[in-house]
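Please read the structure below before turning to the comments.
The values are calculated or read from the model by the stated rules, or taken from the named source; none is laboratory data. Predicted, not measured: the structure shown is a model, and the values here were computed from it. All Cβ positions, even for glycine, are placed from backbone atoms using ideal geometry, and neighbour counts span all protein chains on display.
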Amino acid sequence: MKTQLLALLFSSACTLSSTAEINKFIIEPDGKGVAVPETLYGLFFEDINYGADGGLYAEKIKNRSFDFIYPLTGWNAFGKVEIMNDGPFENNPNYARLSPAGHPHKWTGLDNEGFFGVSFEKNREYRFSVWARVIDGGESKLRVELEDPSTVKEGQDKCSAEITVSGAEWKKYTVVLKPSETVYKGKLRVFLCKPENTVDLEHLSLFPVDTWRGHENGLRKDLAEKLAALRPGVFRFPGGCIVEGTDMDTRYQWKNTVGPVENRPVNENRWHYTFRHRLYPDYFQSGGLGFYEYFLLSEEIGAEPLPVLNVGLICQYQNKDANDHVHLDQLQPFIDDALDLIEFANGPADSTWGKVRADMGHPAPFNLKFIGIGNEQWGSEYVERLEPFVKAIREKYPDIKIVGSSGPQSEGKDFDYLWPEMKRLGVDLVDEHFYRPESWFLDGGNRYDNYSRKGPKVFAGEYACHGKGKKYNHFNAALLEAAFMTGIERNADVVEMATYAPLFAHVEGWQWRPDLIWFDNLRSMPTASYYVQQLYSVNKGDYTVPLKMDGRPVAGNKDQNGLFASAVREDSTGNLIVKVANTGNSSQDIEMDFKGLKKNGGYTSVTITTLHSDNPDADNTLDNQDIITPVISTLPLDNITSWSVTLPAETFAVYRFQR
Ligand code: AHR
């Protein structure tokens, strides 16, 4: 964030910039508001846009166990390489057999292309590991190289090491590599060298040593740090449509993602075939970033975990026939999955599933409080499947809060059918999704003002402003999200959680945009929408504070000059935090009157953070990440009880008043 003195723009001396109409906000800092839930601003993670393998999951080897549909996808074999299928890990049975090429000047080996290249950085350490054996005992040597295929003349090998494999038993071998150069589209090469004997290789893996929190089966540090910096209150995972799958076989099954990584079966990603412009042959889930890792990450970033499970429905867009889905009388294993998951997260270390967690390194419970049943489902087929889940979870785990769905639309027939049904079933939260255009966000400032205060709370589980035409992640979309979020904050007694979506996108592998964080193999970049989310979460406060103009909430209504506003107070500091989005194309003079403040004294300083771009279509790029960033300034105040400011056009501002 940039710090800059904005004394001209933001004056504490009540000198407004124009004689135009003054927008008079009446704010009651000590007035009766509602508690702001800890979970209000959170994250939704899905393995879309190469968000997991090739993204947050730091593994650099694609198809590390040769178990993609085409076993050599991602690999280039030379010499004598065979794929075998009776390996040591029953859920990933394939492995590669490398035999001497049969001539002193011929070689046998494998190159891996990684995810859009195997990238590595100069002087950073990378841990290579492989399971191997020499089939008839004895010894054989492997050479492991990190290469840059574009530098033939200078020599491609940027780092190498040798591993001696011995004995006919499968064993894990590890070596740390430290490249001499930074290479974006590199390769990993593994080949037989003297003494050569036939070796079997399985689960070839390459991780940076320096992962998030140093975990060996770890996460990319820069990406995880960006999540932590959002200070999320909740972390929803693993999707999204991947929960449903393209068909029954490819639905997400959490039990396949726990235990030793080598034995987690590969699954074809639901987004593999989606979107004609991205017909990738290689979008699979290794399961390496699995439910244990999601729970651990939630804990480490201070967010409540919110796993979402399949309700017995496969993607309803892609499967229209009732027989594509699980029949009601065959739902029990799916319900058991939900009950077992709660035991995995919360059960004692000697319970069946609690033991799996403990064996993975976390004997203490993860303290799961929420569970989503079904992703973005709709129709009576959803309701009739959800009902037995609710019954079973209530019976066994009455304290767990259940999240149901209101379908893919933010209003309309399905939505109007599902909300009353969710109330009838007694779920605790209803997951609303809205990927909507600018006009919807502009009109949505009052969306939650009249929601019933009885019954389920709202989880705005997937949302983003989708600009007209070809604009993605542009400033205006972020501004409108900020404007809309004032209504979420004002209604924090109804909305318990809100999570932007999708979270991540690889610049070379996206299926869906806009997204919150873009990255390539070495860099990552917050969007303007990211900064909006962050400005809300770090300024969440504990209680809402009444803020009105002409007796009404400031919610972008017709005579409110494009303004949206909300306010909270923070118990630990006593600070008042006012958020204002000016969505119009002219600056607005605002007078804030702090009603009933005198007994506590006035404010002595204000920290102002603004997000603005002169170009509403501008967005950040990996090469130029500072086009749109928050700008911070602090002004002293003279124990004031009212304060005036001119808020420039198309600007989101957070005013933090300190006593
Ligand atoms: O976030 C992208 C997709 O949008 C999610 O997978 C799905 O739930 C929704 O349709």
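Couple of notes before you dig in:
- Qualifying residue in region 592-611 (condition: under 22 Å from Ile517 (Cα atoms) and either touching a helix residue (DSSP H, G or I) at 6+ places or on another chain (Cβ under 7 Å) or not in a strand (DSSP E or B) (or both)): yes
- Any chance Asp210 is out of contact with any strand residue (DSSP E or B) (no Cβ under 9 Å at 6 or more places or on another chain) and of a type in the set (D, E, K, R): yes
- When Ser286, Ser298 are checked against the criterion of being farther than 24 Å from Gly461 by Cβ, buried (at least 22 other Cβ atoms within 10 Å of the Cβ) and away from the ligand (no atom under 16 Å from the Cβ), Ser286 stands alone in meeting it.
- Within region 31-74, tally of residues that are part of a strand (DSSP E or B) and surrounded by 24 or more Cβ atoms within 10 Å (Cβ to Cβ): 6
- Exactly one residue out of Lys62, Lys32 is over 23 Å from Leu110 (Cα atoms) and among the basic types (Lys, Arg), and it is Lys32.
- Some residue of region 348-365 being in contact with a Leu (Cβ under 7 Å, 6 or more places away or on another chain), under 17 Å from Leu309 (Cβ atoms) and either within 16 Å of the ligand (Cβ to nearest atom) or not charged (D, E, K, R) (or both): no
- Hits in region 482-497 (condition: of a type outside the set (Val, Ile, Thr), under 14 Å from Leu535 (Cα atoms) and either more than 19 Å from the chain's Cα centre (by Cα) or within 15 Å of the ligand (Cβ to nearest atom) (or both)): Ala483, Phe484, Glu489
- Residues of region 265-276 satisfying the condition of being away from the ligand (no atom under 16 Å from the Cβ) and either at pLDDT below 95 or aliphatic (A, V, I, L, M) (or both): Val266, Arg276
- Looking only at region 374-385, and only at residues there that are surrounded by 17 or more Cβ atoms within 10 Å (Cβ to Cβ) and either among the aromatic types (Phe, Trp, Tyr) or within 16 Å of the ligand (Cβ to nearest atom) (or both), the one that is farthest from the chain's Cα centre (by Cα): Tyr382
This table checks each residue for (1) in a helix (DSSP H, G or I); (2) touching a residue at least 12 places away in the same chain (Cβ under 8 Å); (3) surrounded by 16 or more Cβ atoms within 10 Å (Cβ to Cβ); (4) aliphatic (A, V, I, L, M).
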{"residue": "Gly302", "(1), (2), (3), (4)": "no, yes, no, no"}
{"residue": "Lys320", "(1), (2), (3), (4)": "no, no, no, no"}
{"residue": "Leu341", "(1), (2), (3), (4)": "yes, yes, yes, yes"}
{"residue": "Ala349", "(1), (2), (3), (4)": "no, yes, no, yes"}
{"residue": "Trp353", "(1), (2), (3), (4)": "yes, yes, yes, no"}
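- Number of residues in region 203-254 that are of a type in the set (Lys, Arg), in a helix (DSSP H, G or I) and either without any contact (Cβ under 8 Å) to a residue 40 or more places away in the chain or in contact with a helix residue (DSSP H, G or I) (Cβ under 7 Å, 6 or more places away or on another chain) (or both) equals 2.
Let's see how each residue does on (1) among the β-branched types (Val, Ile, Thr); (2) touching a Pro at 6+ places or on another chain (Cβ under 7 Å):
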| site | (1), (2) |
| --- | --- |
| Pro546 | no, no |
| Asp559 | no, no |
| Phe594 | no, yes |
| Ile608 | yes, no |
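- Pairs with Cβ under 8 Å, 6+ apart, first in region 392-410 and free of Cβ contacts under 8 Å to residues at least 40 places away in the same chain and more than 13 Å from the ligand (Cβ to nearest atom), second charged (D, E, K, R) and assigned to a loop (DSSP other than H, G, I, E, B): Asp399/Lys369; Lys401/Lys369; Lys401/Asp428; Ile402/Asp428
- If only residues of region 459-478 that are outside any loop (DSSP other than H, G, I, E, B) and more than 22 Å from Val430 (Cβ to Cβ) are counted, the one that is nearest to the ligand (Cβ to nearest atom) is Ala477.
- Among the residues of region 122-149, those that are more than 27 Å from Phe89 (Cα to Cα) and in contact with a strand residue (DSSP E or B) (Cβ under 7 Å, 6 or more places away or on another chain) comprise Arg124, Glu125, Glu147, Asp148, Pro149.
- Any hit, region 422-439, residues being polar (S, T, N, Q) and part of a loop (DSSP other than H, G, I, E, B): no
- Applying the criterion of being within 12 Å of the ligand (Cβ to nearest atom) and of a type in the set (Gly, Ala, Ser) to the residues of region 226-264, the residue that is farthest from Tyr536 (Cα to Cα) is Gly245.
- So Tyr530, is it under 13 Å from the mean Cα position of the chain (by Cα), buried (at least 20 other Cβ atoms within 10 Å of the Cβ) and either part of a helix (DSSP H, G or I) or within 16 Å of the ligand (Cβ to nearest atom) (or both): yes
- Of residues in region 388-400 being crowded, with 16+ Cβ neighbours inside 10 Å and of a type outside the set (A, V, I, L, M), the one farthest from the chain's Cα centre (by Cα): Pro388
- Hey, Glu421 modelled with pLDDT of 95 or more, charged (D, E, K, R) and either within 16 Å of the ligand (Cβ to nearest atom) or within 26 Å of the chain's Cα centre (by Cα) (or both) or not: no
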